[in-house]
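Can you read through this structure? Questions will come right after.
The values are calculated or read from the model by the stated rules, or taken from the named source; none is laboratory data. Everything numeric in this text was worked out from a predicted model, so none of it was measured. Positions of Cβ are backbone-derived with ideal geometry, glycine not excepted, and every protein chain shown enters the neighbour counts. Heavy atoms of the whole protein, side chains included, go into the accessibility calculation; ligands, DNA and RNA do not. Shrake-Rupley method; radii C 1.70, N 1.55, O 1.52, S 1.80 Å.
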Amino acid sequence: MRPREEDITGTETHAHEGFGAPHLVAMWPGGSAVVELRARGRLTVGRSRKCDLCIDHPSVSREHAVFHGSNPVTVEDRGSTNGTTVAGRRVGSGARVPVQRGEVVAIGAAVLVIRVAFEDDVVPGPPRRTGPTTARNGPPVIVADAAMRELYRVVDLVSKGDLSVILLGETGAGKDVIADAIHRRSTRGPSTYVRVNCAALPDALLESELFGYERGAFTGAVQAKPGLLELASGGTLFLDEIAELPLPMQAKLLRVLENREVTRVGGLKSRAIDVRFVCATNRDLVNLVRSGAFRQDLYFRLNGISLVIPPLRERRAEIAPFVEAFVAQACRDAGRPRLTVTSEAMVALESHDWPGNVRELRNVIERAVTLCTGVAIDVHHLPPPESGFREPPFDSLQRPTMPALLDPPPSTEPPLGLHDAARRAAQTIERRRIAEAMERCGGNQTRAAQLLQISRRTLVTRLTEYGFARPLKKRGTEAD
């Protein structure tokens, strides 16, 4: 059984008011409910009628769990008998873990999913809007690159049908954001959206989570439980890390795709489902098919169309808007005034290759916001070079056309610590500014010192310290 249509579509009224509050969609044998999650509030879930969400089922404890807040949402297990799991991972008693939109929370035999009403925040086409638009509990959606605008144009076309989609791209590139956009822009947008991380669920749990089970199917199955395929009926099922599915599960999923029916574990009766499949992986599925690690017939069934999400290093125009969005979000979460980012720090961020893509960028910004005690994030708030984060190459700092002024002597120093990295970055910035001033003033030290608002003696000292070639005095002219 899935949530009633009126319960789900009722949340769509928020889409015209801006970003809607998260809603908790709950389903259990014999019932369902939709409850709004309030910002900075708490929502108790359990069998007791005193709970905010009462799930009248024996597999649920009297006060089983508590959901906290709405941005982000976290769930706390209250020492329940049958436990609480998030995306297949068990929550320790008394512990709080974050819950993302689409992740499945299992409470006894009940299945709960967070759903959010969204504004249609991405408009492909000319780059008339490059600023970030952030959905609650989700990463910002940035469309400032030509390749991404073309990708979203294709997403608009693909969303109109029920074609299965495979999303390809490096880890952290934003495959889940594209999957979410496909669902929201489709006719299935008002219905259920379920996200399953195939790599996070153990093989022993994967079948029972996807297909559900009947009472008595195995030890501990005291009540029947619908699977995620049933939960997603009428909507979209996003299978993240599809390449990690074991071969036996691939065969069972193929039968579901062919027959559009699902049979619970221990069941005899098939149940018809209407599900759109969107899959994602950072691995080469074609090579996996050739090696026999992924079924060819399943690949053909899933591959209605493949969309490739370019890595962040190939869409550098989006780095600055992402930084702006992540800084704003991190400051908001920390309850502190909005920080700015210095131009030198932005150059460093835009010159990094970002092997971890948007996810890595978000972590770097959250770290910088934590370390920053002033009003602006600077280069010394970024990770040091030994952590894998590079200082910006000097060429990226708008190198002037005076090689004799700019080429520093080769460095044989060992990797720098955090404070040494900050000092080196400051020296690099100062050196660049001196070089630019000397270039603008044609090598005249007096005018360059005035431009830099320092004394000529200090400028001469810096020229010597940084190894600049001293300009030759022209015959017949006064000394500078």
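Counting only other residues whose beta carbon sits under 11 Å from that of VAL45, what net charge do I get with K and R as +1, D and E as -1? Working shown, then result.
Working: positive: ARG42, ARG47, ARG62, ARG78; negative: ASP52, GLU63, GLU76, ASP77.
Taking every other residue near VAL45 into account, the sum is 0.
Got a sec to turn the phi values of the stretch 69-76 into Karplus ³J(HN,Hα) couplings, 6.51 cos²θ - 1.76 cosθ + 1.60 with θ = phi - 60°, whole Hz, x for Gly and Pro?
After applying 6.51 cos²θ - 1.76 cosθ + 1.60, I find x, 9, 8, x, 8, 10, 10, 10 Hz.
Ordered by residue, what ³J(HN,Hα) values in Hz, to whole numbers, does the stretch 226-242 give under the Karplus form 6.51 cos²θ - 1.76 cosθ + 1.60, where θ = phi - 60° and Gly and Pro are x?
My calculation for the stretch 226-242 gives x, x, 5, 5, 5, 4, 7, 4, x, x, 10, 10, 9, 9, 7, 6, 4 Hz in order.
Now a separate question. For the stretch 168-233, rounded, prolate or oblate, judged on the Cα gyration tensor with a ≥ b ≥ c (square roots of eigenvalues), a/c < 1.5 rounded, else prolate if a/b > b/c?
Working: a/c = 4.99, a/b = 1.69, b/c = 2.96.
Note, shape of the stretch 168-233 comes out oblate.
Next up: Quick one: order THR44, THR373 from most to least accessible surface, probe 1.4 Å. Each step should come with its number before you reach the end.
Values: THR44 15, THR373 135 Å².
Sorted by accessible area, descending: THR373, THR44.
Okay, next question. Quick one: Karplus J couplings for the stretch 292-308, per residue in order, coefficients 6.51, -1.76, 1.60, θ = phi - 60°, nearest Hz, x for Gly and Pro?
Coupling constants for the stretch 292-308: x, 7, 9, 5, 5, 5, 5, 4, 5, 5, 7, 8, x, 7, 10, 10, 9 Hz.
Take the cross-link list LYS50/LYS160; LYS175/LYS225; LYS50/LYS225; LYS50/LYS252 and give me the ones stretching past 32 Å between alpha-carbons. Could you put the intermediate results ahead of the total?
On the way: LYS50/LYS160 44 Å; LYS175/LYS225 30 Å; LYS50/LYS225 24 Å; LYS50/LYS252 41 Å.
From LYS50/LYS160; LYS175/LYS225; LYS50/LYS225; LYS50/LYS252, over 32 Å: LYS50/LYS160; LYS50/LYS252.
Still on this structure, I have one more. For the stretch 201-277 and the stretch 39-67, what is the separation of their C-alpha centers, rounded to whole Å?
Comparing the Cα centres of the stretch 201-277 and the stretch 39-67, I get a distance of 26 Å.
Next question, about the same structure. In whole Å, how far is the Cα centre of the stretch 140-187 from that of the stretch 325-381?
Centre-to-centre (Cα) distance: 26 Å.
Grab the other residues whose beta carbon is less than 15 angstrom from that of PRO202, score K and R as +1, D and E as -1, and report the net. Show your work: numbers first, answer last.
Working: positive: ARG89, ARG90; negative: ASP203, GLU207, GLU209, GLU241, GLU244.
Summing Lys/Arg as +1 and Asp/Glu as -1 gives -3.
Along its principal axes, what span do the Cα atoms of the stretch 309-383 show, with the longest given first and each in whole Å?
Extents along the principal axes: 33, 23, 18 Å.
Non-local amide H neighbours of ARG62 (under 5 Å, H modeled in plane, Pro and chain starts lacking H): which ones?
Answer set, sorted by chain and number: ARG47.
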